[in-house]
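The values are calculated or read from the model by the stated rules, or taken from the named source; none is laboratory data. Since the model is a prediction, treat every value here as computed from it, not as a measurement. Backbone-built Cβ (ideal geometry, glycine too); neighbour counts: all protein chains shown.
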Amino acid sequence: MATTKLRGSTLTRRLFTGLAAAAAIGVLAACSSATPQSSDGKPSGKLQMLVSSSDATDAGFRAINAAFEKQYPDVDVVFSTVSNDNYPATKSSRLTAGNLDLFVVKGMMETPSYAKDAATDDARLAQAGGLVDLTHESFLAKYTSSLLDAQAIGGKQYSVPTGVSYYTGVFYNKKIFADNGLKVPTTWSEFTAVVDALKAKGITPFGVGGKDSWPAGLPMLASVASLYPHATDKQQLAKDLWTNQAKLTDPTEVKVLQQTEYVLQNAQQGAAGADYTSIPSGFAGGKFAMTVDGTWDQPTIETAVGGKFDYGYFPFPGSDNAADNALLNGKTELQLAIPSSAKNKTAALAWLKFFSEKKNYETFLAKSGFSSAQPGISTSTFLQSIGEYTKSYEPAWDQIWFANNKAGQDAVFPFDYPALKPLGSKTPEQAAEAAQKAWSAAG
């Protein structure tokens, strides 16, 4: 974990691991806390902030924090960043200790009736009174109403959306494509033909960061986006799996794992042990032609590129019907909330208001690479270039799927991509069998 006391100095996936602090929710909700203010009524004291880390979003938060401290010199922002894999445990311990004022929450959405016992930890925390109700805060009016509706819990707002990310697409090196006479593929058969052509020229098709597991799951989410192209398709699949009307060993479900394995098997040597943060520089250095990644990594890629080569982004074409591959899937990005146990709610509310102001919010978007969660905000050249793929918002699979906490790890996603070679040792069919067994055992 990196902690920075600032003085002017990015799948995405929803995590379903248990929150140890859940047992202390009642304590968190009941805690009273001081709200420091300076003599002129402005916020003061320490503002303890915790986020799940990525290079681009960390840079965005640091820029906002520096500007906030300049405007409110009596506030010290203590900014902590933690990797996605370690974030749930760190968040849990700090909530229990009561030393958080502002933090990232995940999975803030209503749970469907068929999965009523599978609410995410942060949604449960909100329902139990463990988060400050922001519903009537004036700054929320700046945000797109449909995004707020999607994150409402019991009709109330408990978090601020920092942006929107799309992560079922493929970054590609335009020069490598042009030099080899390749066009952007729009179907699965065209996609595999591109991969075959690259391999024939001795070019590694994909870069994958498998060390931290979850980024290597992005091809899985991308495959689901094509094979279940509309939100209603994904919602029906989720319901059918929960009600045992579908199985993870059914043909289309197995195909998801087969396509995921295809990307993994055509990745760079040592992909299973590669750090996710090494992928942008490897891509910029021409070590591979493509990488399945989220738009949150575009600023990092841009920095690594240094303007030296041209790149683009297209939807993962998992279907042989091009219309199924026409749109990128995404999510509401890092949502910020204030725990009821916060010792400095005054500063936390001031920070959220400051963040929401147009000038400050545009600064954050420019560094984070997120699409705007507010209407009327200018976007980057890159985001404009993928406008045809984002003209209609489609939520990604991990924004619809609710894991059954009674099922084993093989059925968490529930497509068991970590079991696939080279991350694991199973074939797609074996991984599907293991996932179905774990799912069935949950009852």
Any idea which residue in the range 412-443 is farthest from Asn266 (Cα to Cα), counting only those that are assigned to a helix (DSSP H, G or I), of a type in the set (A, V, I, L, M) and modelled with pLDDT of 95 or more? Ala438
Residue identified as surrounded by 16 or more Cβ atoms within 10 Å (Cβ to Cβ), at pLDDT 95 or above and over 23 Å from the mean Cα position of the chain (by Cα) among Val254, Val263: Val254
Looking at the range 63-99, which of its residues are under 18 Å from Ala342 (Cα atoms), of a type in the set (Val, Ile, Thr) and in a helix (DSSP H, G or I)? Thr90, Thr96
Checking the structure you have, find out if any residue of the range 231-240 is surrounded by fewer than 20 Cβ atoms within 10 Å (Cβ to Cβ), closer than 18 Å to Asp324 by Cα and among the small types (Gly, Ala, Ser). yes
Restricting the range 100-114 to residues that are in a loop (DSSP other than H, G, I, E, B), among the hydrophobic types (A, V, I, L, M, F, W, C) and within 19 Å of the chain's Cα centre (by Cα), which is surrounded by the fewest Cβ atoms within 10 Å (Cβ to Cβ)? Met109
Return the pair list, or none, for Cβ contacts closer than 6 Å from residues in the range 121-139 that are over 15 Å from Lys106 (Cα atoms) to residues that are in a helix (DSSP H, G or I) and at pLDDT below 95, at least 6 apart or on different chains. Ala128/Ile25; Ala128/Ala29; Gly129/Ala29
Return only the number of the condition from (1) over 18 Å from Phe354 (Cβ atoms); (2) surrounded by fewer than 15 Cβ atoms within 10 Å (Cβ to Cβ) that Ala123 does not satisfy. (2)
Enumerated helices (runs of 4 or more DSSP H) restricted to the range 143-242, each holding at least 3 residues that are under 28 Å from Lys391 (Cα atoms) and in contact with a Phe, Trp or Tyr (Cβ under 6 Å, 6 or more places away or on another chain): 218-227, 231-242
Could we say that Gly60 is in a loop (DSSP other than H, G, I, E, B) and within 23 Å of Leu349 (Cβ to Cβ) here? no
Go through (1) at pLDDT 95 or above; (2) over 30 Å from Asp122 (Cα atoms) and name the single condition Ser378 misses. (1)
Being of a type in the set (S, T, N, Q) and either surrounded by 14 or more Cβ atoms within 10 Å (Cβ to Cβ) or closer than 22 Å to Glu394 by Cα (or both), is that true of even one residue in the range 190-204? yes
For the range 391-410, does any single residue satisfy the condition of being closer than 25 Å to Gly270 by Cα and either in contact with a helix residue (DSSP H, G or I) (Cβ under 6 Å, 6 or more places away or on another chain) or buried (at least 20 other Cβ atoms within 10 Å of the Cβ) (or both)? yes
Among the residues in the range 428-437, are any crowded, with 24+ Cβ neighbours inside 10 Å, in the same structural domain as Ala238 (by TED's automatic domain parsing) and touching a strand residue (DSSP E or B) at 6+ places or on another chain (Cβ under 8 Å)? yes
Are any residues in the range 102-130 under 16 Å from Val82 (Cβ atoms) and among the charged types (D, E, K, R), and if so, which ones? Lys106, Asp121, Asp122
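Results for (1) over 20 Å from the mean Cα position of the chain (by Cα); (2) crowded, with 19+ Cβ neighbours inside 10 Å; (3) within 23 Å of Thr390 (Cα to Cα), shown as yes or no for each residue.
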residue: Tyr276; (1), (2), (3): no, yes, no
residue: Asp297; (1), (2), (3): no, yes, yes
residue: Thr300; (1), (2), (3): no, yes, yes
residue: Asp320; (1), (2), (3): yes, no, yes
residue: Trp351; (1), (2), (3): yes, yes, no
Scan the range 194-215 residue by residue and report those that are under 27 Å from Ala178 (Cα atoms) and under 29 Å from the mean Cα position of the chain (by Cα). Val194, Val195, Thr204, Pro205, Phe206, Gly207, Val208, Gly209
